[in-house]
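This report refers to the structure that appears directly beneath it.
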Amino acid sequence: MNPILKLEVAGKLAHFRKFYGNSTALSYSIPPRTTIMGMLASMLGLEKGSYHEAFQHENLRIGISVKGAVRKSIHVLNHLKVSSPSDLNGSNKFNAHTQIPFEIVMPEDLATQDLQYAIYLTPSGNAELFERIQECCLNGNHLFNLTFGTANFHASLTHAEFIEQTAEKHADEAELTFHSAINSHGVQSIIHAPDSDFHLTEELLPAEFKENESRELQSMSRMLFSTSGKPFSAVYTGPYSEIKSQTGLERITFIEPIPSR
């Protein structure tokens with residue numbers, strides 16, 4: 001049984017840009033695995049693009065959970081259309097702006113609530129990397145501040161917890177209640193109890209880059225999660241973990257690449 005490091009992060013706004021967006025800037029509702037890799041690397045002070053291989057699935061397993069309801073809102077940004085120097089200094093009075101839709105993730109009540117996620121980490125093949133992250137987060141020694149996708153959407157680490165009481169299990173078409181995003185390829189059906197109060201979303205997310213300094217994707221993950229921040233039940237086949245955190249018993253899964261057929 002490997003230990004698990006649970007990190008809770010919070011902020012007001014987020015934008016996790018969808019990788020296939022071109023003329024629009026749509027956002028995922030949760031940070032993809034590649035975004036979480038960047039957040040962890042910034043806390044460790046690693047150079048941009050230097051950590052892609054170290055954070056691959058076989059070295060570090062990562063899970064994600066939504067804590068509190070989230071929603072999205074589309075805004076329009078005015079971008080300058082720059083084709084000559086005069087377009088930058090304002091001397092070209094006929095310069096046209098280009099308007100780009102920009103999707104923002106936020107809590108249900110922006111005035112009183114924060115956007116909150118829980119990130120779960122466990123060592124896979126690189127125990128030294130896990131220990132570095134553990135020391136950094138538990139002792140508050142992170143070198144750079146966190147952001148939720150873009151540099152102006154600040155975030156903060158609100159809680160870090162080292163959990164030794166974990167149990168790794170495997171389900172075979174079992175009815176289970178989950179507290180994290182789960183891999184869609186393991187879900188047979190969703191269980192809707194009469195008193196259930198959750199809203200589910202499925203998203204196709206980037207999971208890993210091929211190599212350092214490369215932006216070419218090596219694998220994707222398809223995740224099912226609750227945007228209301230509440231646990232949900234499903235008939236599930238695959239590995240999962242049970243942990244006893246300070247908030248009680250949690251049943252989670254780690255992000256896995258989509259299996260090849």
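Structure notes:
- FRET efficiency for the Glu213 to Gln113 pair, using the beta carbon distance and R₀ = 51 Å, is estimated at 0.85.
- Pair-distance profile P(r), taking every C-alpha pair of segment 170-220, with 5 angstrom steps and integer %: 4, 13, 22, 17, 15, 11, 8, 6, 3, 1
- When all alpha carbon pairs of segment 197-244 are counted in 5 Å bins from zero, the resulting P(r) reads 5, 15, 16, 20, 18, 11, 10, 5, 0 %.
- For Lys6, a cut-off of 18 angstrom between C-alpha atoms picks up these lysines, skipping any fewer than 8 places away in its own chain: Lys67, Lys230, Lys244.
- Loop GluC sites (Glu not before Pro), segment 1-106 (other Cβ atoms within 10 Å of the site Cβ: 10 or fewer; DSSP): Glu47, Glu58
- Length added when fully stretched, Tyr20-Glu135, from 0.36 nm per residue minus Cα-Cα: 37.8 nm
- Loop sites in segment 101-143: chymotrypsin sites (Phe, Trp or Tyr not before Pro), DSSP, at most 12 other Cβ within 10 Å: none
- Springs join every pair of Cα atoms under 10 Å in this Gaussian network model of the chain, and among Asp195, Asp114, Asp172 the largest mean-square fluctuation is at Asp195.
- Label-point gap, in nm, between Val76 and Phe162 - each point 7 angstrom along Cα→Cβ: 5.3
- Burial ranking of peptide ranges 197-209, 139-151 (average Cβ count within 10 Å, highest at the top): 197-209, 139-151
- Across the accessible surface of the chain, with the other protein chains kept in place and a 1.4 Å probe, carbon and sulfur atoms take up 48 percent.
- Dipole in debye (nearest 20) - segment 144-253, about Cα centre, beta carbon charges: Lys, Arg +1; Asp, Glu -1: 180
- With the highest mean first, a sort of the peptides 16-27, 217-228 on other beta-carbon atoms found within 10 angstrom per residue produces 217-228, 16-27.
- Volume per residue that the Cα convex hull of the chain spans, once the total is divided by residue count, Å³: 161
- The gain in end-to-end length when the Glu202 to Glu53 segment is fully stretched comes to 51.0 nm, 0.36 nm per residue minus the alpha carbon separation.
- Inter-site label distance for Ser184 and Lys12 at 7 Å from Cα along Cβ, in nm: 3.3
- Per residue solvent-accessible surface (Å²) - the chain, probe of 1.4 Å: 51
- Qualifying trypsin sites (Lys or Arg not before Pro) for segment 22-108 [loop in DSSP, other Cβ within 10 Å: at most 16]: Lys48, Lys81, Lys93
The values are calculated or read from the model by the stated rules, or taken from the named source; none is laboratory data. Keep in mind the model is a prediction, meaning the values are calculated, not measured. Positions of Cβ are backbone-derived with ideal geometry, glycine not excepted, and every protein chain shown enters the neighbour counts. These accessible areas exclude ligands, DNA and RNA; they are computed on the full protein's heavy atoms, side chains included. Shrake-Rupley method; radii C 1.70, N 1.55, O 1.52, S 1.80 Å.
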